[in-house]
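**Q** Here it is, the structure in full.
Derivation of every value follows stated rules applied to the coordinates shown; laboratory data play no part. Please read these numbers as outputs of a predicted model, since none were measured by experiment. Cβ sites come from the backbone with ideal geometry, for glycine too, and all protein chains shown count toward neighbours.
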Amino acid sequence: MAKRRALITGITGQDGSYLAELLLKKGYEVHGLVRRTSSVSTSRLETFMDKVHLVQGDLTDQSSLISAVRLSEPDEVYNLAAQSFVGSSWSQPLFTGDVTGLGVTRLLEAIRSAGVDARFYQASSSEMFGKVQETPQTEKTPFYPRSPYAVAKLYGHWITINYRESFGMFACCGVLFNHESPRRGIEFVTRKISDGVARIYHGQQDELRLGNLDAKRDWGFAGDYVEAMWMMLQQKQPDDYVIGTGETHTVREFCELAFDAAGLDWEKYVKVDPQFLRPAEVNLLLADPSKARKTLGWKPEVSFKQLVKMMVESDIDLVAREMKSRKK
């Protein structure tokens, strides 16, 4: 039997790397879309780089997507690429809309143009709930996006549903709540905290500046969440699912646990800096993942406390290696 083939956009990111790893373990032939830049960062893929096929393409360039789909002939396409940092979407609203919103349409069109019968996964976001209309949030909760990123994600979400209903495509949206890991980008608050703790622990810095400590999020482990993406595309019927832990924690709690994991008192080091406050804040996000639990049989394995500890320990080790290589 021929290997199943998958095409992952955003393969060099946190989720892309975990998903690629998962699919390789399941025996897939994995293709990953990468942008042609002077420095493609593949550090998250280094342990299995020789097993993935990288294809050049860009969500802003239609023809490159068509050729990437034709080249990889995928059974499954996972769209994880985006301008995914909420903060940057305020300074780059048009670019964010082009990549994170219209990019989804281009990819769906590429699949149709190439005549490939591929199942499609769209990475939707809990940020689409924004100014939440009910708590917890389910698949039926009305959306109220509060950033250019969230608005673009909402376009991508609805265009996916539109293609499913208009063209009969097997297309699913995963409305994923915040999911973190040691592979999280440094610009995200959780990784900023774990990296800051590691640098304070090693005497490399003496404070950590953050924005809103009272913002509440439903945080889970990225490695658990990519399993849910795969499960969605194995169902008989395409559908959309909220994926989260069903627990909420503040940024302050994350700080407490992170500093505690390094044997430090967070209050001595954390300073609130107004420059990190958003123009329109999303104060509370909390998932109700009961549909995913019931239909997919999915549940998170890594607890909040385990996640924070994992990230801090990884960064303490990373900073130690950096210091060692600088001494050489």
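**Q** Can you give the Kirkwood hydrodynamic radius of the range 227-317 from its Cα pairs, in Å with one decimal?
**A** For the range 227-317, the Kirkwood estimate is 16.0 Å.
**Q** Non-local amide H neighbours of GLU180 (under 5 Å, H modeled in plane, Pro and chain starts lacking H): which ones?
**A** Placed amide hydrogens put GLY220, PHE221, ALA222 under 5 Å from GLU180.
**Q** Sorted from largest down, give the three principal axis spans of the alpha carbons of the range 172-236, whole angstrom values.
**A** On the principal axes, the range 172-236 reaches 54, 24, 14 Å in Cα extent.
**Q** Here's a follow-up. Set the Förster radius R0 to 30 Å, insert the Cβ-Cβ distance between SER67 and GLN235 as r into 1/(1 + (r/R0)^6), and round the FRET efficiency to 0.05.
**A** With R0 = 30 Å, the Cβ-Cβ based efficiency is 0.50.
**Q** Starting from the Cα of MET1, step 7 Å toward the Cβ, then list every residue of the range 66-84 with an amide N under 19 Å from that point.
**A** Within reach of a label on MET1, which here means backbone N under 19 Å from a point 7 Å along Cα→Cβ, the range 66-84 contributes 74-77.
**Q** Just the ratio, please: alpha-carbon radius of gyration of the chain over 2.2 N^0.38 Å, N its number of residues.
**A** Rounded to two decimals, the normalised Rg is 0.99.
**Q** Pairs LYS216/LYS309; LYS268/LYS305; LYS25/LYS131; LYS131/LYS291: which exceed 29 Å Cα-Cα?
**A** Checking Cα-Cα distances, LYS25/LYS131 exceed 29 Å.
**Q** Further, regarding this structure: Hey, could you pull the Cα Rg and Dmax for the range 97-137, both in Å?
**A** Just the Cα atoms of the range 97-137 yield Rg and Dmax of 14.3, 42 Å.
**Q** A further question on this structure: On a 0 to 90 degree scale, rounded to 10, what angle separates helix 304-327 from the longest Cα axis of the chain?
**A** The helix 304-327 is inclined about 80 degrees to the chain.
**Q** A follow-up question, please. Could you please state, rounded to a whole Å, how far the C-alpha centre of the range 139-156 is from the C-alpha centre of the range 1-52?
**A** Comparing the Cα centres of the range 139-156 and the range 1-52, I get a distance of 27 Å.
**Q** Output the 0 to 90 degree angle, nearest 10, between the alpha-carbon long axis of helix 62-72 and the longest principal axis computed from the alpha carbons of the chain.
**A** Computed tilt is about 80 degrees.
**Q** So, one more: Relative to the first principal axis of the alpha-carbon coordinates of the chain, what is the inclination of helix 189-201, with its axis defined by its Cα atoms, in degrees from 0 to 90 and to the nearest 10?
**A** That works out to roughly 40 degrees.
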